[in-house]
Structure formats: C-alpha cells, structure tokens
Amino acid sequence: MKFVVSHLTRMQRGTVCVAGLDVETGRHVRPVPPMGVLQSRVTATRGGPFDMATVVDLGLTRPVPSPPETEDFEFTWWHARAIRHVEPGLFWELLQFVARPSLATLFGPQLRTIGRASGRRAVTDLDTGCASLGVLIPRGQPSLTLSTKPDGRAVVRVALTDGDMSLDLSVTDLRLYADDGVRPDVEMIHSVADRLARGVPALLSVGLTRPFAARPDEPPLHWLQVNNIHLQDDPAWRLTSRVPVTAGPGTAGIDPDELPF
C-alpha cells in the first residue's frame with residue numbers, strides 16, 4: 001500500500017501516530033504495528049520514512065478496523081520507505097478534495113460535545129462511530145494558543161467552529177513540538193498563530209484518540225483533537241526539508257496522474 005502522509009501526531013514521549021490518504025482509493029488509512037506503538041525513529045528527522053506531504057510505500061498491509069478506528073492497517077514498520085514528496089500545490093488540492101465543512105459529516109452522529117461552553121470538547125463513546133480521521137474546513141479562522149497549566153505543563157490548543165460545534169481542542173501536531181514531541185516549539189507556535197490571525201486559509205487534520213478516561217470514575221471515551229494545522233501559504237510544511245527518498249525517476253514530485261482522486 002502507498003499513501004500520502006497528512007496526519008503526523010505526537011503521542012507519549014518518544015512515540016508518534018501517522019496517517020494519510022491511500023493513493024489508490026483516496027481514503028484515510030492509519031498504519032499501525034501489530035504490537036505496541038510507533039517509535040519516533042520512524043519520522044524523517046530520525047532517518048525514517050514518515051514526513052508530511054510524502055508518499056510512503058508501506059509494503060504488505062492487513063486491515064484491522066475497529067470502530068471508530070476504521071482506518072487501521074497493520075504493517076511492518078521497517079518495510080516502509082519514502083518514495084517521493086508531493087508538491088505543495090497538489091498537496092493542498094488533495095486536502096481540499098477530502099476536506100468537509102462539518103465534523104458530523106466526518107465522524108457521524110455519534111460525535112457529541114461535552115464540557116463547559118468556554119472549553120467544550122467533542123467525544124464518541126467506546127466502540128462507536130464510523131471514522132476516526134478527517135480533514136475539516138473550519139468556519140472562520142481557528143485560534144491557536146499556548147498556555148501553561150498549574151502543574152507547569154505547556155498546553156497547545158485550538159479554538160474552532162464548524163458552525164454547529166464550537167470547540168476548544170488539544171493540538172498534537174508533531175511539527176509544533178521539539179524533542180520528539182515532548183516540548184512545544186514556542187517560536188513555531190507563535191508563527192502559526194500569527195499566520196492564522198492574519199487570515200491565512202487553513203485546513204485541519206482532525207482525529208479521535210484511542211479510548212481513555214479523563215477521570216478514574218468516568219468511562220473511557222474517544223476524544224477529538226487537532227492532529228495537524230495545514231496553511232495554504234506553506235501546505236507541504238514538513239518536519240525537515242530533506243527526507244530520505246528512494247532514488248529513481250519521479251523522486252522530486254508525485255505525478256498527479258498517479259492519483260485517482
């Protein structure tokens with residue numbers, strides 16, 4: 001399977017989540033190892049194949065869907081290899097093709113809001129929902145903020161609306177963090193926030209987390225988060241400007257005719 005990376009997400013220290021669009025079908029796919037999680041060594045900055053706007057050949061895969069994670073495919077991570085970059089203009093067109101203006105359209109009627117009006121979140125119940133990945137066309141400009149919790153932890157969040165849901169969501173965009181996703185990159189966060197404030201058009205890769213309980217006495221839920229912020233003035237913004245690609249014809253860019261969508 002070959003896919004274009006459009007979601008690149010920090011998880012726990014030293015681990016990441018990667019997802020994107022199947023080159024043959026245009027559907028979202030998430031490569032997952034049979035056991036455990038993806039280590040940060042699979043990213044381009046550590047010599048791995050995964051970076052934003054990059055076509056990656058996963059080798060043999062096996063679908064392992066489980067609602068709402070209907071996009072999951074098992075793969076062998078050391079078989080994956082970067083093939084080529086997607087040119088910025090084409091990558092923006094791909095995002096626009098799959099993007100939708102409604103969270104309910106992306107995730108189904110099972111998605112619901114919880115919390116206070118000033119900090120409303122969105123969740124689905126355990127083992128429900130039709131999808132866990134999507135690209136949102138926000139209504140108006142999202143607002144990116146960096147704040148500090150009482151325990152000293154830095155928090156990156158986005159306030160957004162699709163016209164029906166107005167939410168305050170966690171941002172897990174790996175490109176906004178240093179040290180393998182541990183420490184927020186303050187300079188980069190301010191740059192993105194300023195460009196959003198200036199009105200640069202944006203699309204948001206959004207996704208549902210694996211289930212977890214916010215408190216010990218509450219049931220586990222799948223929580224909506226912003227996986228990546230895509231800006232029209234630099235849509236193919238990558239972790240690094242140099243990605244290890246396979247030598248050969250076409251490595252400088254992907255031919256639009258290769259994509260059926």
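The values are calculated or read from the model by the stated rules, or taken from the named source; none is laboratory data. This is a predicted model, so every value here is computed, not measured. Cβ: placed from backbone, ideal geometry, glycine included. Neighbour counts: every protein chain shown.
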Exercise. Report yes if some residue within segment 141-164 is farther than 26 Å from Glu218 by Cα and in contact with a Phe, Trp or Tyr (Cβ under 7 Å, 6 or more places away or on another chain); otherwise report no.
Key: no
Quiz prompt | Condition met for Leu111 (surrounded by 18 or more Cβ atoms within 10 Å (Cβ to Cβ) and under 16 Å from the mean Cα position of the chain (by Cα)) | solution = no
Exercise. For segment 148-193, name all the residues that are more than 22 Å from Gly119 (Cα to Cα) and either of a type in the set (D, E, K, R) or touching a residue at least 60 places away in the same chain (Cβ under 8 Å) (or both).
Key: Leu174, Arg175, Tyr177, Asp179, Asp180, Gly181, Val182, Arg183, Asp185, Glu187
Self-check item: Flag for Arg46 being modelled with pLDDT of 95 or more, of a type outside the set (Phe, Trp, Tyr) and farther than 12 Å from Lys2 by Cβ
Solution: no
Quiz prompt | Filtered residues of segment 220-239 (kept if under 18 Å from the mean Cα position of the chain (by Cα) and assigned to a loop (DSSP other than H, G, I, E, B)) | solution = Gln232, Asp234, Pro235, Ala236, Trp237, Arg238, Leu239
Quiz item: Can you find a residue in segment 59-74 that is within 16 Å of Ser6 (Cβ to Cβ), of a type in the set (A, V, I, L, M, F, W, C) and touching a helix residue (DSSP H, G or I) at 6+ places or on another chain (Cβ under 8 Å)?
Solution: no
Quiz prompt | strands (runs of 3 or more DSSP E) enclosed by segment 1-53 - at least 3 residues per element that are at positive phi and surrounded by fewer than 23 Cβ atoms within 10 Å (Cβ to Cβ) | solution = none
Practice problem: List the strands (runs of 3 or more DSSP E) that sit entirely inside segment 128-219 and contain at least 2 residues that are surrounded by fewer than 17 Cβ atoms within 10 Å (Cβ to Cβ). | Solution: 143-148, 154-161, 166-170
Quiz prompt | Complete set of residues in segment 158-198 that are among the basic types (Lys, Arg) and farther than 19 Å from Ser6 by Cα | solution = Arg183, Arg195, Arg198
Quiz item: Here is a list of conditions, (1) at pLDDT below 95; (2) in the same structural domain as Leu169 (by TED's automatic domain parsing); (3) surrounded by 13 or more Cβ atoms within 10 Å (Cβ to Cβ); (4) not hydrophobic (A, V, I, L, M, F, W, C), and Gly250 meets all of them except one; can you say which number that is?
Solution: (2)
Quiz item: Pick from Pro109, Pro184, Pro150, Pro138: which is out of contact with any helix residue (DSSP H, G or I) (no Cβ under 9 Å at 6 or more places or on another chain) and modelled with pLDDT under 95?
Solution: Pro150
Practice problem: Select from segment 152-167 the residues that are more than 23 Å from Pro235 (Cα to Cα) and either touching an Asp or Glu at 6+ places or on another chain (Cβ under 7 Å) or of a type outside the set (Val, Ile, Thr) (or both) and list them in ascending order. | Solution: Gly152, Arg153, Ala154, Gly163, Asp164, Met165, Ser166, Leu167
Exercise. Consider Pro68 carefully, then state whether it is of a type outside the set (Lys, Arg) and surrounded by fewer than 19 Cβ atoms within 10 Å (Cβ to Cβ).
Key: no
